[in-house]
Each structure stands twice: as C-alpha cells, then as structure tokens.
Amino acid sequence: MIEVAGLTKRYGEKMAVNQLTFAVRPGIVTGFLGPNGAGKSTTMRMMLGLDRPTAGDVRIDGQHYDRLKDPLTYIGALLDAKAMHGGRSAFNHLLCLAQSNGIPRSRVHEVLDTVGLTAVAKKKAKGFSLGMGQRLGIAGALLGDPRILMFDEPVNGLDPEGIHWIRNLMKSLAAQGRTVFVSSHLMSEMALTADHLVVIGQGRLLADTSMADFIRENSRSYVRIRSPQRELLLDVLHRAGIIVVENGVGTLEVDGHRPEDIGELAAQHRIVLHELSPQQASLEEAFMQLTAESVEYHAHTDTPLGAAPPPLPGEQPGPPAPGPQWGDDWKKG
Amino acid sequence: MSTPQPQTHQQAAPAPNWQSAPGTSYTSPIPITRTHLGHALTSEWTKIKSVRSTMWTLGVFLLLVVGIGLLVAANTDSNDYADVPYTIPAFFGLILGQICLITLGVLVVSSEYGTGMIRTTFTASPQRHRVLTAKLLIFFVVAFVVSAFAIGFVGLITSGMHGGASDNKWGGTVLMGALYVSLLGVLALAVGSMLRHSAGAITAMLGLVLVPAILPAFLMMSESLRTLGEKMTEYNAPNALAKIFELDSENGGGGSQLVLLVGVTAAAIAGAYALLERRDV
C-alpha cells in the first residue's frame, strides 16, 4: 500500500506535481497514466525518496521510504533501464544491490534466471540492448522479492515479445498479492494490464478510478448509421430533435440515443438502413479527451508547421469533461 | 474487466511483524535483514572491484610509483642515501601517481551520477549518508593499502640495493606518504560527490594540486602578495610530499601540511554530507 498525500514538487516557477493525493493498493495493477511531462516520473522519484517533495507526503505501508530498514524487500523499482554502470557485469550489478540489503547471493542467480539473462550474466551491461537492459532493471526490482513493485514506462522501446513478457509478469506479480504500480503514457497499454487507473496531467490528479469505470465514464458511445435515403433520414432525425453528425465518408453518427430508438424511428418513416451499429470510441480517444487540456507540449495548429495534429474524429459536443475544470487556471497562466 | 476488491482491513496486532500484515497478502520467503553499514561496505567493495577504471587507475599508479622509483634507485648510489630515507625514489612517482588516486576518488562517486546508477543505489539504500560513508571508507582503505605497498616496496628494494649507507628510519615515510596521497583521493571523492560530474571534479582537483605549485612563481613578483606566495610554496601538494620524504630535511617531516590536508578534506566531506541529504538525485 502506497499512500500519496498532497504531494507537490515545484521547480522554480513550474509546478511539476501539484497536490497529488491517491493510494496504490495491493493485489492489483495500478496504472499511472499521463501525457509526456505530466509529472509521472517526478512523482515516482518522490515516492522512492530520490527527489524531495516541496510539500506533501508519501508513505509506504505507513512509513517514509528513507525510514525503511530493508528497502529492496519492500519496494522494487525500475525507473530507468539505463540506471546502471555500463562497465559492470549484470551479475556484479545485481550483487552489489543485493549486498547493500543483505540479500543472499543465491537470489542474484534466481532473478537472473527469472528474467532470462543467465547466459549473459558475466557480460558488461553497456553491451546490452534496450530490452536486455530493461530485463536487468526488472531483475534488480525483483531482487528483494518485494511486496511493492514500481515500473516507470516499462514497455518503452521494447519489441512485441518483450512487451508481452512484461505484461504477463506484472499480472502474475499482482496475482501473488503484490502491489504493482506502473506508469505509461499509452492508454492502450494500460487497458491490457491495469485494474485501477490514476490519471494525471500537468501534475494534477485527473482521475483515480477503476479501469472499468474509467472506460464507462470516459468513452463516447454513439450509433453509426448508413442509409441510401440519407436526406430523408436526416430530416426525420432532425424533426425528432436528434442531433446528427455527418462524417466525411457518408455515414451518420448519433450521440446519446439507443440504436433501438433510431431503428424504430426509421421504420416508422419506412427508411431503408444499411447499417445501424452501436460504437464505442477507443480508450486512447477517451484518454486524449481527458488530458487534452493538460498536454504540455501541444503541436499547435496555428503554427505554420506542416505537422498539424491529427484531427479528432469525434470532435463535437460530446460528453462534458468530468470533474472540475482543471484546465482553467492553466489557461490563465 | 473485474476489479478485485482490495483488502483494506488494517493490521490490528501490536506485533511489529509487518511481513505478515494482512493488508499486503504477499509474503516473501527471503529472510528480512535490517541493513547497516556493513552491508553498504560489502556492496561498495563489490562496486569498486568490479569496474575496470579501478584496475586502470591503480595499475597506472603502481606502474608510476614502482617503475619510476626503481629507475631512480638504479641511478643513484649508496652515498645519496646518507641523509635521506630509502623511500625517496617513490616520491618522484607519487608526484604523478597522486593524479591516479584523485581520478579514482572522483570516479568512485561521480561515475554513479554519470551513468544514473546513483538512483538505483539510493533506491536500494535510502540512507544516503551510509552510502557515502561506505564509499569513503572503502576508497580510503584501498588507496592507503595500495600506496603504502608501492612506497614500501620501493623502499625495500632501494635499501636492498644501497643498504648500509645509513641507518635512517623510513617506515614513517611510508605511512605519511600513503596517508597524504590517500587523503588527496578522499578529498577528490568528496569533491566528486559535491560536483557530481567526473570531468569537472577531476579538473577542480588538478587545479587544487597544481595551481598552488605554479602560482607562487607569479605571486613572488609582487611585493604585497609575497607572503601568500610563500605560504602556497610551503603547503602545495608536491611540496608537502617532498617534505614528507625529507627531500630538504631542514623543516619538519610535512606534519603541518598533512594537518592542513586533513582539515580541508574534513571540510569537503562535511560539505558533501550536507549537500547529499538536501539535493534531488
């Protein structure tokens, strides 16, 4: 159990993390989601006592991190795959970590075996690929067989096989009753691994919810319609007070109405439908909608650059953004 | 996707055995150890011996001190040692060799910042002062043993080659000389911990060693700066070593220079500890 209370980190004028309060509970994978620069890594560093918070508090099972007598058996963390001395062999890297916490040498062989690096245990870490470095970092996190595991962007830069391995590892670790806290900027990745979501943007908490609730609340559901009698259908829907959005490829989209209602309405007016299907916007879209206001590095449309952001297909009066208007005072600044 | 309800019931038992706390259902089979300085020392010992830079810097140090020492010993005769200790050939190698110990001292800590290893280290040992203490102790012992060996070896060989010319005691020069260069390395370690940057810290240390040896030549030209120049001449690192090895046996054996270095090193270590706890990693 990790409890974060009012955690704040200020770098000069910039608030990297702003009054963050949430809890990470055992037995599930908690996803820590936010766009680049949202403050995820800063928060994780503060949780591990590496950065000093400007204000607020982090407690690991009720204790401060630097009060832990046996930190590696409490928390295993992978912050940065390259946070190791490249000139040291994988075995020695893990050995010096193990020794600092009084963990027996045999455990080093065990974790090397777990992550599949036994064959290269005597090789220098600087010759490792990103995936191997990531595995070595995870071996270090598993060294103390900790109850809490923390991974910062573990799948970044990995090949599909490595991603698959990490996903399964995280799930199995959580299934053993451990607390797993994993950050990502990819909603799709979280959807596959996380049971609970903590979403931040601009250092502020945007959502702290179960994955299922997040999907339900944040994804836009709509009905997609195709009809050869398009004009007639538009007229009928308009008269019924149903707002219709036409998209470029000749299909119509209706928000906030059940497909049954629209089908019956069309039947009353003897309109032929070629398609009437309920649709759900992707999670990625829901995440972008949630964090749109807080994305730090926008590719601005009004800049003369050729690289304009991809237009959002559902950019229309969708469901209002939940929660307080967190973007408001950001705009003031 | 179902969300398992987390077990939120708190541990009611007064026993501090949180390992079996019901709130965290996972129990590790690994025995729990309360970490102490001993763990940090074994860890730092593994670290210092498992990187090539240690072997390089200490290898070059030995090569310089022993190599130059033996060359000097071979080109002197027994009469040269009438008034000076047999370890004097080691002095010439130490003037260059001290740079190796400075480099190693800096690297012991700054390489961790350079590679990002420091975050892993401090995650494993959040008691940062303990890590620095272990680094200081391990480095000092390694540097002292290696330099005492090198100086003593040169002294033994020289006394074997030119024995009988004098009965002067040279054991003290081994300890003093080794202590002086090891402390320079410890000072470098403390500076490396404060600056966190290998090149910067090595440059700063070279400046500290070399500038007081060169600058007096210019300071002497001005009447008002003459006393400052004289102090620098007396207390600069190469001259301190010269005094320790009784190169000019007029003044004492470099005791006051050693005291100055101890003072400077202690101040740098204090600064390193103070900054270590305050700064983000």
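Brief remarks on what is shown
- Qualifying residue in region A:95-109 (condition: part of a loop (DSSP other than H, G, I, E, B), hydrophobic (A, V, I, L, M, F, W, C) and in the same structural domain as A:SER172 (by TED's automatic domain parsing)): yes
- All told, B:VAL181 falls short of being more than 30 Å from B:THR133 (Cα to Cα) and buried (at least 20 other Cβ atoms within 10 Å of the Cβ).
- Matching residues in region A:204-231 - criterion: being in a helix (DSSP H, G or I) and in contact with a helix residue (DSSP H, G or I) (Cβ under 8 Å, 6 or more places away or on another chain): A:MET211, A:PHE214, A:ILE215, A:ASN218
- Condition met for A:GLY86 (at the interface with chain B (Cβ under 9 Å from one of its Cβ atoms), in a loop (DSSP other than H, G, I, E, B) and on the phi > 0 side of the Ramachandran plot): no
- No other residue among A:ASP66, A:ASP113 is without any contact (Cβ under 8 Å) to a residue 12 or more places away in the chain, of a type outside the set (Phe, Trp, Tyr) and part of a helix (DSSP H, G or I) apart from A:ASP113.
- Screening region B:16-127 for helices (runs of 4 or more DSSP H) wholly inside it with 2 or more residues that are more than 21 Å from the chain's Cα centre (by Cα) and either surrounded by 18 or more Cβ atoms within 10 Å (Cβ to Cβ) or more than 14 Å from every other protein chain (Cβ to nearest Cβ) (or both) returns the ranges B:52-74, B:88-115, B:117-124.
Residue-wise test of (1) on the phi < 0 side of the Ramachandran plot; (2) among the basic types (Lys, Arg); (3) modelled with pLDDT of 90 or more; (4) part of a helix (DSSP H, G or I).
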position	(1), (2), (3), (4)
A:ALA119	yes, no, yes, yes
A:LYS122	yes, yes, yes, no
A:ILE138	yes, no, yes, yes
A:MET150	yes, no, yes, no
A:LEU158	yes, no, no, no
A:GLY162	yes, no, no, yes
A:MET170	yes, no, yes, yes
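- Check on A:LEU234, touching a strand residue (DSSP E or B) at 6+ places or on another chain (Cβ under 8 Å), touching a residue at least 60 places away in the same chain (Cβ under 8 Å) and either outside any helix (DSSP H, G or I) or farther than 30 Å from A:LYS14 by Cβ (or both): no
- Here A:GLU153 clears all of (1) of a type in the set (Asp, Glu); (2) touching a Ser or Thr at 6+ places or on another chain (Cβ under 9 Å); (3) within 12 Å of chain B (Cβ to nearest Cβ) except the condition numbered (3).
- A:LEU136 meets the stated requirement of being assigned by TED's automatic domain parsing to the domain that holds A:MET187 and in contact (Cβ under 8 Å) with a residue 40 or more places away in the chain.
The values are calculated or read from the model by the stated rules, or taken from the named source; none is laboratory data. Keep in mind that what you see is a predicted model, and the values were worked out from it rather than measured. Heads up, the Cβs are rebuilt from the backbone with ideal geometry, glycines too, and the neighbour counts pull from every protein chain shown.
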